[in-house]
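Computed from the coordinates by the stated procedures, all read-outs in this text should not be read as laboratory data. Computed from a predicted structure; not experimentally measured. No Cβ is skipped: glycine too gets one built from the backbone with ideal geometry, and neighbour counts run over all protein chains shown.
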């Protein structure tokens, strides 16, 4: 019996039907967090690499967790697996890992994605330059003369 | 339209745009965006309802008898694919059971709640639902009569009644016995499957003699008696009580499964698991007080003691259809709806079609067969309405995720020629795998619901 792609999509829709409200809520939260991050990060130095690394790490964690637990969750065991089952298990675990990583990324962006806060307006309009810390241990000769004067 | 009218229209549009603060260019941009959105929306609908765009206009009166898997699937498809038809569904039942899950409830894998649903969720709004049962078919006058005496005329009839389980065909057996005195049966209703699990649970713990039967003749899900047997054995191994029980499988003939490769597998597998096969043992009578079962063997009646017996009663078309002109009169399909096995059109009444268990066809009393039959039956009814040639599209496809152990199954799919027809070529139909088990346990219920909604 041939299953079309659209037929499979219809089955997936039915599979998640009871959870659609939750998935929708989570996606809304993700969109809101992404929007919030973009708003917060205006004028700030942002960092995408660290959240991306942490998200990938989280995805890998879910992948490993799924690999270990899926047979048991489905009332089966590792002993029951053979041949194509391992590929299916790996495929499903990659799917779970990817899904959770995508869902977690906006959270990670907000937690780890902003490196520095924008300077307050009063600081930006200050005319006085703040005293620079001395970097060299010994004064330059010209400067030493000035001090002697 | 004259050039002057055209100019007036253009001026009016320009004035309206100016009034709303839009330039003509913006207006065109918005229009094309709206068209894209509308197209996308229509496309999404089309994705899930691929045939909606080519609805056939008709004022035909169509009656569908039965609101089971086949009846509901036909109703959703016909309602979508016909424009203006007067569609009536006749069935008293409000509850809908996911029957392929009965085996899982009967062996403690699922809870009963997972099977329960309501027909109301699937009946399309443009279908008239009569809450009654058909008592009489009058195909010569294109009419059915319900149990309350209501006559319903039709131009086209879809028979999708399912079948009836005849408990009383076994002496001493009744539906009320199930769940008592060691008598179990996972067929027919969720509460019976639940009661059966209580007995199986006890049998798995305590052991004893277990008899597993199957009847003569056509039956729905012919794999279920085998699945129950193997799942009980698997449960015993799981709990470490296998040595406490003696297990016997008693088929009515000399085969275990119609598909030869699967039959070979089972012939080897059962003895390896110390499940003794007794060929030619149709169940004839049961004595629940004495806990004995009598089998009509070629050598005469044989009575066996049991602690647990899984009774699978003989099945037939519902009496109302069996006694009607629509029923086949000749062997091997006597009593079933007399349809052409490829087009599913009635052989004598061309405005009558059949879908599901009721059809008198060689194989295919499964939900998987319903999935394959309904599109063909519906298409051919519509072709008849249009006066077109029929499509001999049903090849006998049926499927059985044959559960061999807890956590393992073989996905067996075959056709009238008993040739394997795997939907997913990478899943071997000859070996036990985890993937078909996951499909049975997790995915097929979703596929079933998509089928009821006419999406697959």
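In table form, for the structure just shown:
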item	result
Estimated FRET transfer efficiency (residue A:49, residue A:86; beta-carbon r; R0 35 Å; 0.05)	0.60
For residues of B:431-443, the mean tally of beta carbons on other chains within 10 Å	5
Calculated P(r) of region B:167-314 - Cα pairs past 21 Å, %	38
Beta bridge orientation in region B:167-314: antiparallel %, DSSP, nearest 5	40
Largest-first principal axis extents of the Cα set of chain B (Å)	99, 51, 38
Part-to-part distance (alpha-carbon centres) for region B:291-322 and region B:153-216, which is given in Å	11
Antiparallel bridges, percent of DSSP beta bridges restricted to chain B (to nearest 5)	50
Centre separation in Å (Cα based) which lies between region B:397-446 and region A:1-49	32
Tensor-based shape of the protein assembly as shown (alpha-carbon gyration tensor, a/c under 1.5 rounded, otherwise prolate or oblate)	oblate
Anisotropy class of region A:1-91 from Cα gyration tensor, a/c 1.5 cut	oblate
Within 10 Å of each Cβ in A:72-84, the average number of Cβ atoms from other chains	6
Peptide-level mean, for B:111-124, of C-beta atoms on other protein chains within 10 Å	0
Rounded FRET efficiency, nearest 0.05, which uses the C-beta distance separating residue B:290 from residue B:117 and R0 of 35 Å	0.30
Antiparallel bridges, percent of DSSP beta bridges restricted to the protein assembly as shown (to nearest 5)	50
Residues residue A:42 and residue B:243, FRET efficiency given R0 of 60 Å [Cβ-Cβ distance, rounded to 0.05]	0.25
Label-point gap, in nm, between residue B:279 and residue B:166 - each point 7 angstrom along Cα→Cβ	2.6
Using alpha-carbon coordinates, inclination of helix B:260-272 to the longest axis of chain B, degrees	40
In degrees, nearest ten, helix B:224-239 long axis to first principal axis of chain B (Cα)	70
Distance between modelled label sites at residue A:77 and residue B:264, nm, 7 Å Cα→Cβ extension	3.0
Relative contact order %, region B:167-314, counting alpha carbon pairs below 8 Å whose residues are six or more apart	34
